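Nothing in this text is a laboratory measurement; each read-out follows from the coordinates by a stated rule. Note that this is a predicted model, so its numbers are computed, not measured. We place every Cβ from the backbone using ideal geometry, glycine too, and count neighbours over all the protein chains shown.
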Amino acid sequence: MGHKSLRWKPVLAITVGAAVALAVPILPKYAVTLATSIVIYSIYVSSANLLTGYAGLVSLGQAMFWGAAAYVAAILTTRSAVTNFYLISFIGLFAVMVLSSFFGILALRVKRLYFMIVTFAFGHVLWCIAMYPMQHITFGYDGIKDIPRPELGFSLSTVSAASFYYLVLAVAAVCFFGVHRLIKSPFGHALVGIRDNEHRMVALGYNTFAYKYISYILSAALAGVSGLLFAYFNGYVNPAELHWIWSGDALMIMFIGGVGAFWGPLLGAIVYTGLRYWISSYTMYWFGIEGIIFILVVLFFRGGIAGFIINLTGKWERGRAQS
Amino acid sequence: MEELKVENLSKNFGGVTVLRNISFSVTSEERRIVIIGPNGAGKTTLFNLVSGELPSSGGSIHLFGRDITKMPCYRRTRLGLARTFQVSDLFPHFTLMENVLLALQAHDSCSYQMLRSRRAYAHLYEKAKDLLKELRLYEKRDDPIASLSHGETRLTEIILGIAAGPRILLLDEPTSGLTSSEGVWLAELIRHLLKDITILMIEHDMNIAFDFADRMIVLHQGEIVADGRPEEIRANPKIREIYLGTVYG
């Protein structure tokens, strides 16, 4: 089992994966739509994974960045003179990063459970603000409807399901590439060090607050990217996008996919979205079933789907080495 | 030159005073200072205050002439102060090599680099290799920390302490859990390897302590009861009574 046999596998997996992803638009429209939401969710969940899986910070407030960016896109496209997709994306991401740099300073003053509760509280405050004081802008429960698909310039339209899917796929590729670079970098190595033993990292001379703060803002930006895409994809944004349930879903999908595994968010999003689509067509009790799946994964597949696959290929690899 | 100066340092945990009016200074003339004292004397707490892991309740600490009393731990490390822990405190999910790289990277210009793979920083690998070879752990570089023996984790603990190239190193019982012959070997290795840095070492094994020290500080119930050359400490009847008496019977 030399280095070569280990190298070709990820290359093959990525090539096959990319080919499948690019070929999706030959499927019926509902499948393209499903695939689009999978890709958007996988960006969102990877934002949670960066924070929780790598930096060890469990946040119950990821939805506030997803939702905030979605609202920025919704409000600007439907009710302002600014309609340029790139400008709106920039404003949305900028808003999310400002928001997270403010919340991060406060939330990161505390640790573990307290951090989780503080992020939860921030998220809830933002939800309340969108629901009530800003009701004249957000339309409260009713939400903002009729968000048009973005125009990309160069006479590229994303009105068709396939073209929008390709836009999402391109953005996701950039995001995943960035996350991959990050976790392989010295910065990423330090994040995992902080997750595993923050006390020692401080003694080694790391300003652990700075690392956690930067990763919090990056994670928020990633959640913002996904929320922004979602607003255009769904054409409709309501306060559920800011709600803590959606923050909890990020953690749940992350657990299903595999915490701290690079491909975990994508695998989790595939299973979560696929099952929800399939099961919802039979019963309205999807939430309950989602909970049961989550419990089963946590009890029997601690590494999630990613961990299960790694185990399986490891066994296969060992079996081959023996024969 | 005064490298480290501790003045009237105290520490209370609630109503319990763990350290009371500790004052001593370390110059570059004395390289090997051993801190002894019975269990509960406050030795590790003293290290925690000097390294910055715990805030002091009173008094001041100067490092190379700078007041570091309120300085956070990681910045003290940048000034050239490092420490090791009594109970090995490593990164269990990383290999030995990755542990060492993490320690080396802390003070390198690449420590915030996000987009380049850490494999691109060959100078860190070279340094890590040298350190591991020097401590005869190079063969184990790709082993997970969990698979190392107790003695090897003690060595790794020291590597993490010296990786950043400190000028003062606080060694909290480096020989804890080792057999006495291993302990003697390790103390010899530290003496040989770290000739040019000032070492403050907490040590329970009296043979190693007396053999290693240029100077000894004796802590008892949170106070310094003696501070002097090993011969003086050995001859001090008060020390025999409170500390050595219990060891030598």
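Shielding value for A:189-195 is 5, the average number of Cβ atoms from other chains within 10 Å of each residue's Cβ.
Secondary-structure-derived ellipticity at 222 nm for the protein assembly as shown, considering helices only, amounts to -18500 deg cm²/dmol, per-run term -39500 (n - 2.57) for DSSP H runs with n ≥ 4. The packing ranking of peptides A:7-13, A:46-52, B:116-122, A:240-246, highest mean first, is A:46-52, A:240-246, B:116-122, A:7-13, where packing means the average number of other beta carbon atoms within 10 angstrom of each residue. Viscosity 1.567 mPa s, temperature 4 °C: Stokes-Einstein D of chain B from its Kirkwood Cα radius, in µm² per second? Here the translational diffusion coefficient equals 68 µm²/s. Stretching the chain fully between residue B:139 and residue B:23 yields a gain of 37.4 nm (0.36 nm per residue, less the alpha carbon separation). Residues in the stretch B:231-239 carry Karplus couplings, in order, of 4, 5, 5, 4, 7, 6, x, 5, 5 Hz; the curve used is 6.51 cos²θ - 1.76 cosθ + 1.60 with θ = phi - 60°, and Gly or Pro positions show x. In chain A, Cα pairs under 8 Å separated by at least six residues give a relative contact order of 32 percent. Pairs exceeding 25 Å between alpha-carbon atoms, taken from B:5/B:43; B:43/B:238; A:9/A:212; B:133/B:195; A:184/B:127; A:184/B:129: A:9/A:212. Ranking A:208, A:43, A:87 by Cα position along the charge dipole of chain A, where only Lys, Arg, Asp and Glu carry charges on their C-beta atoms, puts A:208 farthest toward the positive end.
For residue B:83, the residues whose amide H sits under 5 Å from its own are B:170, ignoring neighbours fewer than 5 places away on the same chain, with H placed 1.01 Å from N.
Shown is the FRET efficiency for residue A:121 and residue A:286, computed with R0 = 22 Å from the Cβ-Cβ distance and rounded to the nearest 0.05: 0.20.
Dipole of the protein assembly as shown computed with +1 at Lys/Arg Cβ and -1 at Asp/Glu Cβ about the Cα centre; of A:163, B:177, A:309, farthest Cα towards the positive end is A:163. Annotation: amide H of residue B:12 within the under-5 Å range of B:18, B:57, sequence separation 5 or more or interchain, hydrogens built in the peptide plane.
Take every DSSP beta bridge whose two residues both sit in chain B; close to 55 percent of them are antiparallel.
Each peptide in B:159-167, A:64-72 was scored by the mean count of other Cβ atoms within 10 Å over its residues; highest first, the order is A:64-72, B:159-167. May I ask you to evaluate 6.51 cos²θ - 1.76 cosθ + 1.60, the Karplus curve with θ = phi - 60°, for each residue of the stretch A:253-266 and list the ³J(HN,Hα) values in order in whole Hz, giving x for glycine and proline? Each residue of the stretch A:253-266 in turn: 5, 4, 5, 4, x, x, 5, x, 10, 4, 7, x, x, 5 Hz.
Bridges between two residues of the protein assembly as shown, per DSSP, are antiparallel at a rate of about 60%.
Note on residue A:29: lysines with a C-alpha under 30 Å away, same-chain residues under 8 apart excluded, are A:145.
Can you tell which of A:213, A:272, A:132 shows the greatest fluctuation in a Gaussian network model of chain A with Cα springs below 10 Å? Most flexible of the set in this elastic network: A:132. Highest GNM mean-square fluctuation among A:279, A:40, A:105, for chain A modelled with Cα contacts below 10 Å: A:279.
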